[in-house]
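The values are calculated or read from the model by the stated rules, or taken from the named source; none is laboratory data. Everything numeric in this text was worked out from a predicted model, so none of it was measured. Note that each Cβ is placed from the backbone with ideal geometry, even for glycine, and that neighbours are counted across all protein chains shown. Ligands, DNA and RNA are excluded from the accessible area calculation, which covers all protein heavy atoms including side chains. Shrake-Rupley method; radii C 1.70, N 1.55, O 1.52, S 1.80 Å.
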Amino acid sequence: KARHADGGRLAPAMNLNSVKVYNLSSVGKALPAWLSAGKRKALVQKKEDNERLEVIQELWFPTSCGRVKFSVDGESMVATGCYPPQSRVYELRELSLKFSHHFVADIVQFQILSPDWKKLAYLLSDRTIELHSQFGKHHTVRVPHHGRDLAYQPETCELLVGGDGQIGERRVGK
């Protein structure tokens, strides 16, 4: 039987077209009938605490999920997918979808700018950066070359974009 690295038992797997499929509802064994009600309840509670599996509702994308990031406060998860390009924010305390937002271009990279999900920056394949707040799209900035990566420097509140081209540094505003 298959076992985890820590010695625990894996869910039984069956092969379907050379792909392993795990049945998560049949992971554990039934408790022995000779256990008293108090011991049975204690064992069930201990097992639930150690081997609990929580599933986030509506965690899917029509084609694929490209990136997943967690907020600094640990209460939210942001995931991006393609075709149609979209971003989905999940509330981890409730294990559910908070909202989703669709874009006109593919998402190359994104950054969470605040400790929670309320400020986000998306680098899109059409050479734009969209800045979002909790109310939706706040501002759009066009960059001169295609961006490949996005980073946020919280100490100076700078959003850094890496891409192709000859421009080494370009500052906007002040």
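Things worth noting here:
- When H139, H145 are checked against the criterion of being outside any loop (DSSP other than H, G, I, E, B) and either touching a Pro at 6+ places or on another chain (Cβ under 7 Å) or not hydroxyl-bearing (S, T, Y) (or both), H139 stands alone in meeting it.
- Residue list for the range 134-149, filter: open to solvent by less than 40 Å² (accessible area, probe 1.4 Å) and farther than 16 Å from A105 by Cα: G136
- Within the range 1-92, strands (runs of 3 or more DSSP E) holding 3 or more residues that are under 30 Å from R148 (Cβ atoms) and either polar (S, T, N, Q) or at pLDDT 65 or above (or both): 64-70, 76-82, 86-91
- Where Y90 falls short, out of the listed (1) under 19 Å from L59 (Cα atoms); (2) touching a strand residue (DSSP E or B) at 6+ places or on another chain (Cβ under 6 Å); (3) open to solvent by 30 Å² or more (accessible area, probe 1.4 Å): (3)
- Failed item in (1) free of Cβ contacts under 8 Å to residues at least 12 places away in the same chain; (2) touching a Phe, Trp or Tyr at 6+ places or on another chain (Cβ under 8 Å), with W60 passing the rest: (2)
- V104 meets each of the listed conditions (1) outside any strand (DSSP E or B); (2) modelled with pLDDT under 90 apart from (2).
- Considering the conditions (1) surrounded by 14 or more Cβ atoms within 10 Å (Cβ to Cβ); (2) more than 18 Å from the chain's Cα centre (by Cα), S76 is excluded by exactly one of them, (2).
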